[in-house]
Amino acid sequence: MARPRQFDEEEVVRAARDQFWSVGYNGTSIDDLSAVTGLGRGSLYGAFEDKHALFLRALDSYNSDALRAWRTALGGPGPALPMLERHVRNVADGIIGDVERRGCMMAKIAAELSAVDEGVAERIAAVVRGLHGALRGCITRAQAEGSLDADADPDSLASLLLAVLRGLEALGKAGATPEVVNGAAEQALALLPRVSPDEHAPGTRSSTGA
């Protein structure tokens, strides 16, 4: 009879995730993983098969947390436009606060492996679609509420904001000042096709009296 495992797999995955996040896939050895998880090679191989399989578990864990955070931030109760603005500013603040320039694990791994690892490329593409969908959903709600122009294309607006937010990540990694990061975030928000309260208030008439 096989002996039960004496460790928490999810804790091991989180420790491995931090290691891969810090130095990348190629920069991480089995010995590094053994050191950060406290498990010997035999236990690691027995539980996760190999380094690559453990890495994919770690990447899935990161992506799941990131996507959940975006969906929570953009899909909660309350008016959608302030929620969208708050999310963009919070992302900018997080980038500014990353003084170690650790950045986003997804972006780091995409740059390292997407061109050579189909499994990684598929995972990155899926989470990007999820992030885009969370933005699009919030924008569509803002349009239904009358705070954004209903004729604007929500897919294009979501693509714009996603491109800006991912670009802010690159700026932060490159050492951009807080003023640059915040300025780009605010300019992106300023480009949203807002509707003034008077334009969609009940009973509002045009200047022609129509």
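A few notes on this one:
- Least to most buried among Glu85, Glu169 (fewest other Cβ within 10 Å first): Glu85, Glu169
- Modelled spin labels at His52 and Asn90, positioned 7 Å past Cα toward Cβ, are 3.7 nm from each other.
- Inter-part distance where the range 102-174 and the range 1-66 are each reduced to a Cα centre, Å: 27
- Viscosity 1.002 mPa s, temperature 20 °C, Stokes-Einstein D of the chain from Kirkwood C-alpha radius, µm²/s: 110
- Estimated FRET transfer efficiency (Glu145, Arg68; beta-carbon r; R0 25 Å; 0.05): 0.55
- FRET efficiency, Glu10 to Ser196 (Cβ-Cβ, R0 41 Å, nearest 0.05): 0.25
Coordinate-derived values only; no laboratory data. In this text, all values refer to a predicted model and were calculated from it rather than measured experimentally. Quick reminder, even Gly has a Cβ in these numbers, built from the backbone with ideal geometry, and neighbours come from all protein chains shown.
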